Structures are given as structure tokens and as C-alpha cells.
Amino acid sequence: MNVWFYVISTSVVFVFSGLLAMAGLGAAFLFVPFFYYMGLPLSEATPIALLLNVVSLFMAAVNYGRARLINFRMGIPIMLAAVISAPLGARLTPYVARDVLLALFAAFLVFAGFMMLFYSPQPRQKPLISWVEVGVGIGIGIVAGFLGGLLGVGGGNFILPVLAWMGLDPKIAAGTTAMIVVFSSFSGFLGHVSLGGLEPRFLAIMALAAGAGSLVGSYWMKTRLSSQQLKRIIGVLLWLIALKMVFDLIF
């Protein structure tokens with residue numbers, strides 16, 4: 001890894017950690033293809049992205065917690081389900097062919113881009129907590145955790161709309177998602193790190209950049225969020241990355 005690799009990587013991690021922290025999602029689904037196209041194998045790009053999710057969203061979750069934008073009653077059952085299933089996806093990664101992983105990741109990016117471009121949460125007037133909704137939340141936690149561990153994406157794109165459907169205010173849904181994804185990403189990272197092959201110095205530098213970017217992004221989230229234009233830009237970017245991956249798989 002040369003100096004320019006570090007400079008470019010640090011800049012990208014800082015910027016996108018900040019932008020995605022504003023939505024409580026984390027930027028792992030951007031970091032995996034970024035590091036992959038920068039020359040890192042998927043076996044290294046995936047755990048690095050998960051660790052950066054942990055760092056950036058931990059900083060964001062602390063800010064959201066101080067502002068009382070986390071609903072622990074809804075978030076904890078989903079978090080526990082995701083934490084249990086994330087290592088299973090992580091341990092499966094080495095046994096899945098590279099092209100299959102890329103195809104799965106491209107499909108996830110298409111879905112995430114669609115959510116960014118077209119999904120507008122419509123929370124209920126009064127949040128409802130029932131055993132059915134808790135069961136649905138736990139099911140989503142299991143799926144999000146497994147895919148997060150397998151692909152290194154955290155799973156926030158699946159969790160956030162479910163929390164909005166369950167009746168949370170959009171900002172509280174974002175804060176609660178951030179809290180959940182911190183733990184599910186860390187669980188997935190532990191599943192990957194046991195396989196080895198990561199460079200501690202690079203991890204430390206990227207983690208510092210992610211934490212700094214997240215602090216800036218979550219501050220703006222609390223004070224002057226205007227997310228529609230941001231979501232459109234990120235949605236188009238995700239589709240362009242997915243298109244690039246599909247092109248590489250076919251040609």
C-alpha cells in the first residue's frame with residue numbers, strides 16, 4: 001500500500017462515513033466495492049468495511065443517544081437477533097465463490113439504491129408494539145445480520161424501513177438503526193477477523209477517519225438535516241457501482 005492509497009482511502013472513508021451517519025446506516029456497502037476496486041480482495045474488504053461501520057456508527061449512536069433519538073425497547077430485540085446471525089454469514093463467506101459474492105453484493109446495491117431514491121418512510125401516528133411486530137423485527141434482524149456478516153454491509157438498509165413501519169419518527173428510526181448496526185457489524189467483524197489477513201496499521205488509520213467523519217455527519221443530522229438531495233446522490237452512486245460490478249461479472 002503506497003501513500004496515495006492511504007490518502008485516497010482516508011478521504012473516501014471520512015466523507016462517506018459522515019454522509020451515511022446522517023441516515024444512521026453506516027457506509028460499509030460503499031466501502032466494500034471501494035476497497036475491492038482499490039485492489040484489496042473481498043476477504044479483506046469485507047471485515048474492514050464492517051469495522052468502519054462499528055467505529056463510525058458508534059460515534060453517531062453516542063450523539064443520537066445524548067439527543068434521545070434511540071428507542072431501546074424496539075431496537076434491542078432486533079439487535080440481539082442480528083448479533084447472533086452475523087457471525088454465521090461471516091463464517092460462510094470463504095466458502096462462497098467470488099463471483100457469487102459479487103452478484104449478491106450487486107443485487108444488494110440495487111436494492112439499497114432503490115431505497116435511497118424512492119423510499120419515503122411513513123410512520124404511524126401512534127407507534128404500535130405487538131408480538132407480531134416484535135417477531136417481524138426479530139426476523140428482519142436475523143436476515144440483516146446474516147447478510148451483513150456475509151457481505152460486510154451492516155444491514156441498516158433492511159432495518160431502517162422496518163423501524164419506520166413500526167411507528168418510529170424518522171430521526172429516532174435512524175438513531176435506533178445506528179445502535180443496532182454497531183453491534184451487528186462488530187459481531188460480523190469478529191466472525192471475519194478470526195480468519196486473519198488484516199493489516200492493523202491500515203485498520204487503525206481508516207477507523208480514525210471513519211470516527212471523525214461520523215462525528216461531523218451525526219452533528220449535522222441533529223441540527224440541520226436536509227436529506228432528500230443527499231439520498232438521491234447516494235442512490236445513483238450505488239446503482240453505478242452495481243452496474244460496474246455486473247459489467248465485470250459478464251465481461
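For the condition in contact (Cβ under 8 Å) with a residue 40 or more places away in the chain, under 14 Å from the mean Cα position of the chain (by Cα) and surrounded by fewer than 24 Cβ atoms within 10 Å (Cβ to Cβ), what is the one hit in Leu19, Leu104?
Working: Leu104 fails: under 14 Å from the mean Cα position of the chain (by Cα).
Of the residues listed, the single one that is in contact (Cβ under 8 Å) with a residue 40 or more places away in the chain, under 14 Å from the mean Cα position of the chain (by Cα) and surrounded by fewer than 24 Cβ atoms within 10 Å (Cβ to Cβ) is Leu19.
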Checklist entry - In the stretch 226-251, which residue that is at pLDDT 75 or above and β-branched (Val, Ile, Thr) is surrounded by the fewest Cβ atoms within 10 Å (Cβ to Cβ)? => result Ile250
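Among the candidates Arg68, Arg73, which residue alone is open to solvent by 30 Å² or more (accessible area, probe 1.4 Å), in a loop (DSSP other than H, G, I, E, B) and farther than 19 Å from Leu240 by Cβ? Step through it out loud before you land on a result.
Working: Arg73 fails: in a loop (DSSP other than H, G, I, E, B).
Only one candidate passes the filter, namely Arg68.
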Item to check | Residue selected from the stretch 107-130 under the condition exposed (fewer than 14 other Cβ atoms within 10 Å of the Cβ) and either part of a loop (DSSP other than H, G, I, E, B) or not aromatic (Phe, Trp, Tyr) (or both), by the criterion modelled with the highest pLDDT | outcome: Ser120
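Per-residue answers, yes or no, for (1) closer than 12 Å to Ala209 by Cβ; (2) open to solvent by 10 Å² or more (accessible area, probe 1.4 Å); (3) at pLDDT 85 or above; (4) out of contact with any Ser or Thr (no Cβ under 9 Å at 6 or more places or on another chain):
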| site | (1), (2), (3), (4) |
| --- | --- |
| Ser9 | yes, no, yes, yes |
| Val12 | yes, yes, yes, yes |
| Ala23 | no, yes, no, no |
| Ala28 | no, no, no, no |
| Glu44 | no, yes, yes, yes |
| Phe58 | no, yes, yes, no |
Next on the checklist: Val83 - would you say it is out of contact with any Pro (no Cβ under 6 Å at 6 or more places or on another chain), at pLDDT 90 or above and either open to solvent by 20 Å² or more (accessible area, probe 1.4 Å) or under 14 Å from Gly145 (Cβ atoms) (or both)?
Outcome noted: yes
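Scan the stretch 212-225 and tell me whether some residue there is of a type in the set (Gly, Ala, Ser), surrounded by fewer than 18 Cβ atoms within 10 Å (Cβ to Cβ) and modelled with pLDDT of 85 or more.
No.
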Next on the checklist: Can you pull out every residue in the stretch 95-106 that is more than 14 Å from Gly155 (Cα to Cα) and either of a type in the set (Lys, Arg) or assigned to a helix (DSSP H, G or I) (or both)?
Outcome noted: Tyr95, Arg98, Asp99, Val100, Leu101, Leu102, Ala103, Ala106
Item to check | Inter-residue pairs, beta-carbon under 8 Å, first outside any helix (DSSP H, G or I) and in the stretch 29-45, second charged (D, E, K, R), 6+ apart | outcome: none
Next on the checklist: Among the residues in the stretch 86-94, are any open to solvent by 20 Å² or more (accessible area, probe 1.4 Å) and over 21 Å from Ile159 (Cβ atoms)?
Outcome noted: yes
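Within the stretch 156-201, track down each residue that is touching a Leu at 6+ places or on another chain (Cβ under 6 Å) and crowded, with 21+ Cβ neighbours inside 10 Å.
Filtering the stretch 156-201 for residues touching a Leu at 6+ places or on another chain (Cβ under 6 Å) gives 156, 167, 171-173, 175-178, 181-182, 185, 188-189.
Within the stretch 156-201, Gly156, Ile172, Ala173, Gly175, Thr176, Thr177, Ala178, Val181, Val182, Ser185, Gly188, Phe189 qualify.
The values are calculated or read from the model by the stated rules, or taken from the named source; none is laboratory data. Remember, predicted model here, so these are calculated numbers, not experimental data. Counting neighbours? That spans all protein chains shown, and the Cβs are built from the backbone with ideal geometry, glycine included. With ligands, DNA and RNA removed, areas are computed over all heavy atoms of the protein, side chains included. Shrake-Rupley method; radii C 1.70, N 1.55, O 1.52, S 1.80 Å.
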